[in-house]
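The values are calculated or read from the model by the stated rules, or taken from the named source; none is laboratory data. What you are looking at is a predicted structure, and each value in this text was computed from that prediction instead of being measured. A quick note on method: Cβ atoms are made from the backbone with ideal geometry, for glycine too, and the neighbour counts reach across all protein chains shown. Please note that ligands, DNA and RNA were not included when accessible areas were found on the heavy atoms of the full protein model with its side chains. Shrake-Rupley method; radii C 1.70, N 1.55, O 1.52, S 1.80 Å.
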Amino acid sequence: MATPEAPHASPEQLVYARWLDIGTKIGFLVLVAAFAAYVLGIATPHVPLDELPRFWSLPVEEYLAAASVHSGWGWMEHVMRGDYMNLVGVAMLSSVSIVCYVRLLSLLWNERDRIYMAIAALEILVLLLAASGVLGGSH
Amino acid sequence: MLRERSLWFAGFAAAALLAEPALAADVDGASLSTLQWWVWPLLLFVVTFLLGIVAVIAGLGGGVLFVPIVGGFFPFHLDFVRGAGLMIALAGALSAGPGLLRAGMASLRLAMPLALVGSASSIVGALVGLALPVHIVQTGLGLTILFIVALMWTAKKSEFPDVPRADALSTALRIHGIYFDAGTRQETAWQVHRTREGLVLFAGIGVMAGLFGLGAGWANVPVLNLLMGAPLKVSVATSSFMLSIVDSSAAWVYLNKGAVLPMITVPSVIGIMLGARVGVRVLTRVPAAAIRKIIITLLLLAGTRALLKGLGIWN
C-alpha cells in the first residue's frame, strides 16, 4: 500500500518519490529475474558456478585477469551470460537517481529555481561521471 | 525476560557460528573439496536475512553490519564484500526513499546539497579504497567499526533540537519544513543551522561510505540531528533517502572496477530486504534495547576481527 502523501511534501518531492518508486521496482524485478536465470541454469554463466570459490577470494584486479573480464563497461561484452546479466539490474538500481534528477531538473526549470537547478545539474554530472567508467576502468 | 534471554542466545549463537574457525578459514584447496559452491551463498542469504531483521530493530542500515561481519567471517575478498555492502545500502535506501518523501519525513531540499557533496566525495573514497592494499582497508574498517560502536554506546539524540535562528546558507537554500508526526498527530516546523560545517562533514562521510562500502546512516544522522539541528525523525528519514544518491555514485565505481560479484551481491540484497520486512513486522514486539546490545556486541566482535585481520594478527 502506498504511503499517504503528507500535506507539506512539496510537489517536486512527490514527483521525485513517484519516479524513484517506479525505477526501483523495475530495477529489482530485473535483478531478481536475472539472478533466477543465473542460478537455475537458464543462462550459462561466464564463470562456472562450481568454480566460483576459486575466484571470489581473489582481489578484484586478479579476479578480472583470471576471469578474462575488462573493467569499466567491459562487463557488457558478457551481458548475455547468466552472471553478468545480473549487472544490468545492478546498473539500473544505480541509475534510478540519475533519472529522478533529470525529471526533477525539468520541474525546477519550470519554477525558475536557479540554485536547486544548479545543484541538480551538478548531481547529474557527478553521477554520470561515476557511471561513465572513466574513473573506474583501466584494462 | 525470557524473550530477552532468547534474543541474547540467538545473537551469541550467530556470533559463535560466524567465529567458527572452519567457516572463518580462507577457502583453500582442502576446504574447497569439502564444500559445495552453493553453501556460501546460502549461508550468506541466511546471515543477511537475520541482519536485515536486527538492523531494522536497531535502526541501522544493513551495510554497516554486513561489511565487517561478512568481510571478517566469509571467504570472500573484501573488494567484493564492500561492493555488495554498497549495493545493500543502496537497495535499502531506494526502497525506503519513496515512502519517506511522500510522508514528508525526508526533505528533498535538505538532502540535495548534502548529497551532492557526499556523492562526489564517495567517488574519491571508492577509488582510494579499491587502490589501497587490503590490509590497510581492513585496519581502517576495524577502527571505523570500533568508532561506530563507541558512537552507538555514547551518542545522544535530540528529538527536537533548539535552532534559534537559521543560518544564512540554509536560508538562501530555503532548507526548512513542516512535518506531520502520525504518532503524536502534531505538526512540527523545523529549520537548520551550521549548514557550512554540515557540508564539510558530509564530504568526509562520503569518503568513508565509498572507502568501506558501509552506507553512512550511522554518521549522517548525528550530523543532521546534533550538528545541523534537524528533528530526529527528519534526520533519520533524510539520511536514509540521501543514501540512495550518495551510494549510487560509489556503487558505479565498484561496478566499473569489477567489484560487484552477483553471487555475493544478489543473495545479500534479497536476504537483507526480506529480513527488513520481517524486522518491520516484529519491530514493536521485541525489546529494542536488547537487540541494540546484541548489535553492539556483534559489531565489537566484527570490528576487532577486521582490525586484527588488517594487522595480520588474526587471519
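The table that follows gives values for the structure above.
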{"read-out": "Inter-residue pairs, beta-carbon under 7 Å, first facing chain A (nearest Cβ under 7 Å) and in the stretch B:77-91, second acidic (Asp, Glu), 6+ apart", "value": "B:LEU90/B:ASP247"}
{"read-out": "Those residues of the stretch A:103-114 which are open to solvent by 80 Å² or more (accessible area, probe 1.4 Å) and part of a helix (DSSP H, G or I), in sequence order", "value": "A:TRP109, A:ASN110, A:GLU111, A:ARG114"}
{"read-out": "Total residues in the stretch A:100-139, condition modelled with pLDDT of 95 or more and in contact with a His (Cβ under 9 Å, 6 or more places away or on another chain)", "value": "0"}
{"read-out": "Verdict on B:PHE147 being away from chain A (no Cβ under 12 Å) and touching a strand residue (DSSP E or B) at 6+ places or on another chain (Cβ under 9 Å)", "value": "no"}
{"read-out": "Residue list for the stretch A:46-58, filter: within 7 Å of chain B (Cβ to nearest Cβ) and either outside any helix (DSSP H, G or I) or open to solvent by less than 50 Å² (accessible area, probe 1.4 Å) (or both)", "value": "A:LEU49, A:LEU52, A:PRO53, A:TRP56, A:SER57, A:LEU58"}
{"read-out": "Exclusive hit being under 17 Å from the mean Cα position of the chain (by Cα), at pLDDT below 95 and facing another protein chain (nearest Cβ under 10 Å), set A:SER71, A:SER97", "value": "A:SER71"}
{"read-out": "Filtered residue count, the stretch A:26-36, keeping only those that are without any contact (Cβ under 8 Å) to a residue 24 or more places away in the chain and facing chain B (nearest Cβ under 8 Å)", "value": "0"}
{"read-out": "Enumeration of residues in the stretch B:56-70 that are open to solvent by 10 Å² or more (accessible area, probe 1.4 Å) and more than 11 Å from B:ALA276 (Cβ to Cβ)", "value": "B:ALA58, B:GLY59"}
{"read-out": "Some residue of the stretch A:129-138 being of a type outside the set (Val, Ile, Thr), over 25 Å from B:ALA120 (Cβ atoms), under 14 Å from the mean Cα position of the chain (by Cα) and open to solvent by 40 Å² or more (accessible area, probe 1.4 Å)", "value": "no"}
{"read-out": "In the stretch B:170-195, residue most open to solvent (accessible area, probe 1.4 Å) [restricted to those that are out of contact with any Leu (no Cβ under 6 Å at 6 or more places or on another chain) and part of a helix (DSSP H, G or I)]", "value": "B:THR171"}
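A quick yes/no check of all residues on (1) open to solvent by less than 30 Å² (accessible area, probe 1.4 Å); (2) part of a helix (DSSP H, G or I); (3) more than 9 Å from chain B (Cβ to nearest Cβ):
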| residue | (1), (2), (3) |
| --- | --- |
| A:LEU14 | no, yes, no |
| A:ASP21 | no, yes, no |
| A:THR24 | yes, yes, no |
| A:TYR38 | yes, yes, no |
| A:THR44 | no, no, yes |
